[in-house]
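What follows is a single structure, written as structure tokens, with notes after it.
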Amino acid sequence: MPNHQQNTLGVIGGMSWESTQSYYRLINEGVKAELGGLHSADLLIHSVDFAPIGALQAQGAWDELGNIMASSGTRLQAAGAKGLLIATNTMHKVADDVQEATKLPIIHIADATANAIKEQNLTKIALLGTEFTMTQDFYKQRLMDAGLQVLIPEEDARAEVHRIIYEELCQGRIKDSSRQYYVDVIKALAEQGAEGVILGCTEIGLLITQADSPIPVFDTTAIHAKAAVAFLLNKD
């Protein structure tokens, strides 16, 4: 690629800004690793205010959330984005609304994650994330359609995993006690046969690394960022 012409990528971020910051770093590091020198990523970022979005999620107001995400996508498209990335797992519940509004390619986080798992030849995978991501079809079904078996924590553990995301990680609070809780949940799922674990919320990578887990960790932020680099650089 002699002229290093990139596809401009639009990023819908801010959910939370802590994880969007990780995306920004990882995508730029990925482009630099590929192109070297002073190269960085051709990105447009619309960072939304997360408080009203978090409130709408809690209310289950997904139609309204779909409108908000679609509006963000069309603004990025108007600014010149040639593809879109929604920098959060949960809001992929409304990815189809964004697709419909913009007709742009969307780099889907669950598809990128399923591909990464299958590259490791694993079939039974644990999924941690928000209550929505762990229990609803918009995410889990895509993994199952890719041929994976998906294990999730039992109800009380799901509630605590969800609470830690919203009350701690999304607010930049990293607690050792919460790390230990997640490790215990991962161990329990490994005992049920999970061969790996998806950190299916873009904040969980702030808390858990491979060193913390007895089974392979699939950090969706890192996987999604890698797929973004491939899009930027026209690589399949």
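The values are calculated or read from the model by the stated rules, or taken from the named source; none is laboratory data. Quantities reported herein were computed from a predicted structural model and do not represent experimental measurements. Note: ideal-geometry Cβ built from the backbone for every residue, glycine included; neighbour counts use all protein chains shown. With ligands, DNA and RNA removed, areas are computed over all heavy atoms of the protein, side chains included. Shrake-Rupley method; radii C 1.70, N 1.55, O 1.52, S 1.80 Å.
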If you take the residues in segment 57-91 that are touching a Phe, Trp or Tyr at 6+ places or on another chain (Cβ under 8 Å) and at pLDDT 95 or above, which one is nearest to residue 231 (Cα to Cα)?
83
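Looking only at segment 113-132, decide whether some residue is closer than 30 Å to residue 194 by Cβ, of a type in the set (A, V, I, L, M, F, W, C) and at pLDDT below 95. Working first, answer last.
Here is the first cut: in segment 113-132, the ones closer than 30 Å to residue 194 by Cβ are 113-132.
If we keep only those that are of a type in the set (A, V, I, L, M, F, W, C) too, we end up with 114, 116-117, 122, 125-128, 132.
With the extra rule that they be at pLDDT below 95, the set shrinks to 132.
Within segment 113-132, one or more residues are closer than 30 Å to residue 194 by Cβ, of a type in the set (A, V, I, L, M, F, W, C) and at pLDDT below 95.
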What tally of residues in segment 48-61 results from selecting those that are without any contact (Cβ under 8 Å) to a residue 60 or more places away in the chain and either touching a His at 6+ places or on another chain (Cβ under 7 Å) or part of a helix (DSSP H, G or I) (or both)?
7
In the set 10, 36, which member is farther than 28 Å from residue 164 by Cα and within 20 Å of the chain's Cα centre (by Cα)?
10
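Given the criterion out of contact with any Gly (no Cβ under 9 Å at 6 or more places or on another chain) and either of a type outside the set (D, E, K, R) or over 24 Å from residue 18 (Cβ atoms) (or both), identify the matching residue among 168, 155.
Matching residue, one of 168, 155: 155.
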Going through segment 13-39 in order, the residues found to be touching a His at 6+ places or on another chain (Cβ under 9 Å), open to solvent by less than 40 Å² (accessible area, probe 1.4 Å) and either of a type in the set (D, E, K, R) or not in a helix (DSSP H, G or I) (or both) are 13, 14
Checking the structure you have, find out if any residue of segment 40-47 is out of contact with any Pro (no Cβ under 6 Å at 6 or more places or on another chain), open to solvent by 20 Å² or more (accessible area, probe 1.4 Å) and without any contact (Cβ under 8 Å) to a residue 12 or more places away in the chain.
no
Taking residue 208 as the residue in question, decide whether it is open to solvent by less than 20 Å² (accessible area, probe 1.4 Å) and within 19 Å of the chain's Cα centre (by Cα).
yes
How about segment 137-236: which helices (runs of 4 or more DSSP H) wholly inside it have at least 2 residues that are out of contact with any Asp or Glu (no Cβ under 6 Å at 6 or more places or on another chain) and more than 22 Å from residue 111 (Cβ to Cβ)?
155-167, 176-191
Kindly check whether there is at least one residue in segment 170-189 that is within 22 Å of residue 55 (Cα to Cα) and open to solvent by less than 40 Å² (accessible area, probe 1.4 Å).
yes
Scan segment 62-87 for residues that are of a type in the set (Gly, Ala, Ser) and in a helix (DSSP H, G or I) and report the count.
6
Qualifying position, being open to solvent by less than 10 Å² (accessible area, probe 1.4 Å) and polar (S, T, N, Q), among 113, 135:
113
